[in-house]
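The values are calculated or read from the model by the stated rules, or taken from the named source; none is laboratory data. Being a predicted model, the structure only gives us computed values, none of them experimental. As a convention, Cβ positions derive from the backbone with ideal geometry for all residues, glycine included, and neighbour counts pool all protein chains shown.
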Amino acid sequence: MAAHRQPEEPVMTVAFLNENTLGHTSYLPRFTAELARRPELGVTPRLIDALPLPAHLKRLGDASVRGLRRFGLDFHATRWRIAASRHLREQLDRLCQREHVDAVVVNTQSMGLELEGLDPSIPILVGLDATFRQLASSPWFGPNVVSRVLQPLTLGGLLRRERRLFSRVTRFLPWSDPVRDALITQYGVRPERISLLPPSMAAPPRRISPLREGGTSRPQILFVGGDFARKGGAILLECHARHFADRCDLHLVTQGAVPSGPGRTVHRQLSAGSDAWRRCWTDADLFVFPSRLETFGIVLLEALAFEVPIISSRAGAAASILEDGSLGVLLPELTVESLRAAMETVLGDPAGARTRALQGRARFDRDFELAANTERLAGWIRESVRGAK
């Protein structure tokens, strides 16, 4: 794809405000690293992290009241976001004092709550994996019945702040189609203000074959998830122990506590992008992701990129990423027997798995490849800057 910048156009200095928690940690840094590597795109990135919180904001963001947090009555969801976004705003203000800033890109809206009052000539682009209204209807903000009943009280202020931010935003950069649709139908955002910008990564080399056919090697099943319990690790462990330990090796990339067992290898302290991490993907015959709770599911993009056949729950944006099951098997329910049936289907049909894996790589190259999406982002930033003049 050709670069958006014209030779005579000035280089833009852009502040990237980063929610460096969970799956958000790598979202903006990949784009800023690519922009720094490619000066022809005309963007000089300034990456600013929300965490750790400074001492004067730490209590506001971290304090919790025992017994009240599970119902949202300590307002932690709001307080943490205000503290983190305030920390980012303070850093942004110092940056603006040192140099001219042409635009601000923030991921997510949680980190932009304190941008109200920013110079109106500076466009704001907001990436988001879910709206607050989507989160309110999920276990993220409503883990139990009482917490959901109390949401008008506990989340009212947060939703109002989100509305005020959205009224100031120049362009929205949702990660997935479900978020884009929510912005249009629930928030009344005009479609022309929305551009999809999903998590992206550099394309790895193409694989020879994702499933072993013949030979003596046992198929390798891969699981990747730092939060072992939330990502459904227990279901996979039980399924493998009861039905597949005698014929498949299970490789688990996680920080969670995992008991030892036959045919089971745990990989700890693996950094994404490292040689050891890449070997886990290139050696895998099947990736299993029975996650219970997600807003997106970045690891599914890695499986698509490495052409590994996929079995996944429907958590987060899995159905959108896997095109309703055409690029991978979606579990109808999170049970051992459902997972067993899906694994038997994939392992028993190497040709079908290979077809889905190839189609998945084509989807990755089209929608999730870092270089192309960085060029798109640079173009949207420049359009926003032009429009603000």
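Values for this structure:
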quantity: Hits in segment 335-389 - residues which are farther than 19 Å from L301 by Cα and outside any helix (DSSP H, G or I); calculated: T335, G348, D349, K389
quantity: Residues of segment 237-264 that turn out to be in contact (Cβ under 8 Å) with a residue 24 or more places away in the chain and in contact with a Pro (Cβ under 6 Å, 6 or more places away or on another chain), as a count; calculated: 1
quantity: From the options V169, V189, residue that is in contact (Cβ under 8 Å) with a residue 12 or more places away in the chain, touching a Pro at 6+ places or on another chain (Cβ under 9 Å) and hydrophobic (A, V, I, L, M, F, W, C); calculated: V169
quantity: Selected residue (only one of L17, L41, L47 is in contact (Cβ under 8 Å) with a residue 40 or more places away in the chain and closer than 18 Å to V126 by Cβ); calculated: L17
quantity: G117 vs. criteria part of a strand (DSSP E or B) and under 21 Å from A83 (Cβ atoms); calculated: no
quantity: Residue that is among the β-branched types (V, I, T) and over 29 Å from G226 (Cβ atoms), where the choices are I48, I122, I82; calculated: I122
quantity: Identity of the residue in segment 20-74, modelled with pLDDT under 95 and among the acidic types (D, E), that ends up surrounded by the most Cβ atoms within 10 Å (Cβ to Cβ); calculated: D74
quantity: Count - residues of segment 48-76 that are closer than 27 Å to T32 by Cβ, assigned to a loop (DSSP other than H, G, I, E, B) and aliphatic (A, V, I, L, M); calculated: 3
quantity: Every residue from segment 292-317 that is modelled with pLDDT of 95 or more and small (G, A, S); calculated: A303, A305, S312, S313
quantity: Residues of segment 148-157 satisfying the condition of being closer than 20 Å to I82 by Cα and in a helix (DSSP H, G or I); calculated: Q151, P152, L153, T154, G156, G157
quantity: Check on A130, at pLDDT 95 or above, in a loop (DSSP other than H, G, I, E, B), surrounded by 20 or more Cβ atoms within 10 Å (Cβ to Cβ) and of a type in the set (G, A, S); calculated: yes
quantity: Whichever residue in segment 300-327 is in contact (Cβ under 8 Å) with a residue 40 or more places away in the chain and among the hydroxyl-bearing types (S, T, Y) and, among such residues, is farthest from P219 (Cα to Cα); calculated: S320
quantity: Residue ID - surrounded by the fewest Cβ atoms within 10 Å (Cβ to Cβ), chosen from residues in segment 105-120 that are touching a strand residue (DSSP E or B) at 6+ places or on another chain (Cβ under 9 Å) and more than 20 Å from R180 (Cα to Cα); calculated: L118
quantity: Search result, residues across segment 175-194 that are closer than 18 Å to A103 by Cβ and either touching a His at 6+ places or on another chain (Cβ under 6 Å) or not in a helix (DSSP H, G or I) (or both); calculated: I194
quantity: One residue from L73, L92, L125, L68 being touching a Lys or Arg at 6+ places or on another chain (Cβ under 6 Å) and of a type outside the set (S, T, Y); calculated: L125
quantity: Checking Q269 against (1) within 30 Å of P198 (Cβ to Cβ); (2) touching a helix residue (DSSP H, G or I) at 6+ places or on another chain (Cβ under 8 Å), the condition it does not meet; calculated: (2)
